[in-house]
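The values are calculated or read from the model by the stated rules, or taken from the named source; none is laboratory data. Keep in mind that what you see is a predicted model, and the values were worked out from it rather than measured. For neighbour counting, all protein chains shown are included, and Cβ atoms are generated from backbone atoms with ideal geometry for every residue, glycine included. To get the accessible areas, we keep the full protein, side chains included, count just its heavy atoms, and leave off ligands, DNA and RNA. Shrake-Rupley method; radii C 1.70, N 1.55, O 1.52, S 1.80 Å.
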Amino acid sequence: MSQSSANLIALKTVVHREIMRILRIWTQTLIPPAITMTLYFVIFGTLIGSRIGSISGHFTYMQFIVPGLVMMAIITNSYGNITSSFFGAKFGRYVEEMLVSPMPAWVMLTGYVLGATVRGLAVGVIVLGIALFFTSLDIQHPLITAGSVVLGAVIFSLAGFINAVFAKKFDDIALVPTFILTPLTYLGGVFYSINMLGEPWRTLSKANPILYMVNAFRYGVLGISDVNVAWSFVVMIGFVVLLGGFSLWVLKRGIGLRS
Amino acid sequence: MSPVPALVVDNLRKTYEGGVEALKGVSFRVEQGDFFALLGPNGAGKSTLIGILSSLVNASGGDAHIFGVSVRKQRNAAMRLIGLVPQELNFNQFEKPFDICVNEAGFYGIPRAVAIERAEKYLATMSLSDKAHEQARRLSGGMKRRLMIARAMMNEPKLLILDEPTAGVDIEIRRSMWQFIDGINAAGTTVILTTHYLEEAEQLCRNIAIIDHGTIVENTSMRSLLAKLDIETFVLDIAAPVATLPAIDGCTLRRRDERRLEVTLPRTQNINALFAALSAHGITVISMRNKTNRLEELFVRVVEHGRDDAPRATAEAGA
Ligand SMILES: Nc1ncnc2c1ncn2[C@@H]1O[C@H](COP(=O)(O)OP(=O)(O)OP(=O)(O)O)[C@@H](O)[C@H]1O
Ligand SMILES: [Mg+2]
């Protein structure tokens, strides 16, 4: 048996186990985001949105926020999936099953990231499906749309993985989403265009990585963006490389996992 | 040329964060096909050592080679050769035994069809077939331990390491576990076992290392260790109470209670002479047994010796 086929089997096993977990607890993994996002659509899109008028040209407020909300659902769910699954494995000690196996660190990392990405994208599809009950969307640039959601999901899976590795108790995996992720998401141009902001907020907003994901995705769907789309992709790929490299380094050193 | 040893442990050290020095330079080897006992009191460093062998614990110094493969330099290749039954439960309680075993095989790169076959086989050997598709948390304590043995067999390891596999397991199941592990060993797998049931080690193992406070205090064959036992203590149940204890040459006689005596005598001493003398004094012995298991007696002596450097004249192991 060759090394690469062994790695492929190990990778499939990790991904399969992650997907089974998502399906086993679907009431916690797939339903809550659908409910939250429906509320956003009803309140911001329909009730309030109808009084806001159009933003950025000829789009309704509802159309404007749909890409942002879909992206928001994707990143919070990718992040949440990997933190609870990986920290759960650490807490329940069954991460040791993988740690004592010959599986290389990168296979384990890729498996968890793929699992979390699947959850993020599944939720994204569900939310997008719900959105279509409220408004209509023509996807302008399919490749940019697909590329930005996948990159967004991968980035936040990696970030969640790092969070889970360093977490020592369940509180630690709730802390980052509450104090960092949620504020960044709300300030990342989901609900407004940064062109509506005055200085210095407009420039400061550009330090927020979520802004680039939301805008790249919005460009893919609607064809409009607050920032240069090519630059958005550079930023996103940069984050994947940075976070991926750091995760791998941590995993190889066994930080937080091996005593 | 002799075959490469199944395990060579070379000057392993471990200092945990916080400063506990769990291993202070441990070295020993285990030959291929051996059944090896790793014994020591609580906190001696056994699980730490096993943790290093299975890569769960990072060594602070030294290295170990499994069939010649370095644990520290070629981790992935070394892990392929090991099966581990850890001391603490470490499977997902919400998964099913069958899935736990099949996934374990997957982590080792074993194709799914083979994995399914093996999962059925080893769950059956561990008498868990009827629990294979129930959530693992519904298994009894003993069943959970057996599940960990089945799981460790999924990659059919060349070296099987068991960290107190029989803790909390009833007599009958313990016997069947012994039989299973003995069978695995007879089929060629090298086995390393830690246990606090010394009679288990005495029955199963051929070679032994005793570790205490992070150092090896004894490393020899079970036979030569047992041969070191120069005195033995027996408990005698007697028919009627005796007023005064007779003095018998070479033996130390003590009263334990009304109807029980304890006698300590050198292993070279003829027991017939003891009984003749007891008869002569009108003492009728109804039954007799070893006060402690032989290995237990030695174990206590070795460990105590290592501690205060003062061998005790007579071993009086608390049973
Ligand atoms: N993760 C850890 N962090 C800090 N100290 C530890 C850790 N694990 C073990 N120790 C310490 O290392 C020493 C050896 O522990 P170890 O678990 O190896 O003993 P053991 O021989 O397996 O004991 P037992 O028979 O009770 O299982 C103990 O003093 C223990 O407190
Ligand atoms: Mg232990």
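Here are the numbers:
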item: Sequence ranges A:127-134, B:203-210, A:67-74, ranked by mean other-Cβ count within 10 angstrom, highest first; result: A:67-74, B:203-210, A:127-134
item: Cα-based helix-to-principal-axis angle, A:229-253 vs chain A, degrees rounded to 10; result: 20 degrees
item: Principal axis dimensions, largest first and in whole angstrom, of the range A:1-128 by Cα; result: 63, 28, 17
item: Listed peptides B:6-12, B:255-261 by packing density, highest first (mean Cβ within 10 Å); result: B:6-12, B:255-261
item: Buried area at the A-B interface (accessible, heavy atoms, 1.4 Å probe, summed, Å²); result: 2500 Å²
item: Rg/Rh (Cα only; Kirkwood hydrodynamic radius) as it applies to the range B:159-266; result: 1.12
item: Tail beyond 24 Å, pair distance distribution of chain B (Cα, percent); result: 60 percent
item: Cα centroid separation - the range A:6-29 against the range A:105-133, whole Å; result: 12 Å
item: 10 Å Cβ neighbours from other chains, averaged over peptide A:102-115; result: 2
item: Shape box of the range A:199-259 [Cα atoms, principal axes, largest first, Å]; result: 49, 27, 14
item: Candidates B:95, B:156, B:200, ranked by Gaussian network fluctuation over chain B, Cα under 10 Å, top entry; result: B:95
item: Nearby lysines by direct alpha-carbon distance to residue B:121 (threshold 16 angstrom, same-chain neighbours under 8 apart not counted); result: B:96, B:131
item: Span from the the range B:249-284 Cα centroid across to the the range B:118-153 one, whole angstrom; result: 49 Å
item: GNM top mover of A:163, A:195, A:215 - chain A, alpha-carbon springs below 10 Å; result: A:195
item: Residue of B:196, B:65, B:281 that the Gaussian network model of chain B assigns the largest fluctuation, springs spanning Cα pairs under 10 Å; result: B:281
item: Candidate aspartates and glutamates - alpha carbon under 17 Å from residue B:158, same-chain residues fewer than 8 apart omitted; result: B:31, B:34, B:104, B:182
item: Members of A:169/A:252; B:144/B:291; A:90/B:144; A:168/A:252; B:46/B:144 lying beyond 26 Å, as alpha-carbon distances in this model show; result: B:144/B:291
item: The protein assembly as shown: equivalent-ellipsoid semi-axes (sqrt of 5 x gyration tensor eigenvalues, Cα, Å); result: 65, 22, 21
item: DSSP-defined antiparallel bridges as percent of all bridges, the protein assembly as shown, nearest 5; result: 70 percent
item: Exercise: per-residue mean of other protein chain Cβ atoms within 10 Å, A:6-14; result: 5
item: Contact order relative to length of chain B, as percent, for alpha carbon pairs under 8 angstrom and 6 or more apart; result: 18 percent
item: For residues of A:191-197, the mean tally of beta carbons on other chains within 10 Å; result: 0
item: Whole-number Å³ per residue for the convex hull built on Cα positions in the range B:1-153; result: 142 Å³
item: Viscosity 1.306 mPa s, temperature 10 °C, Stokes-Einstein D of chain A from Kirkwood C-alpha radius, µm²/s; result: 84 µm²/s
item: By accessible area with a 1.4 Å probe, ligands and nucleic acids excluded, highest first: order of A:202, A:21; result: A:202, A:21
item: Highest-first arrangement of B:157-164, A:39-46, where packing means the average Cβ count within 10 Å; result: B:157-164, A:39-46
item: 0 to 90° range, to nearest 10: angle between helix B:294-308 axis and chain B longest Cα axis; result: 90 degrees
item: The range A:3-253 - percent relative contact order, Cα under 8 Å, separation 6 or more; result: 26 percent
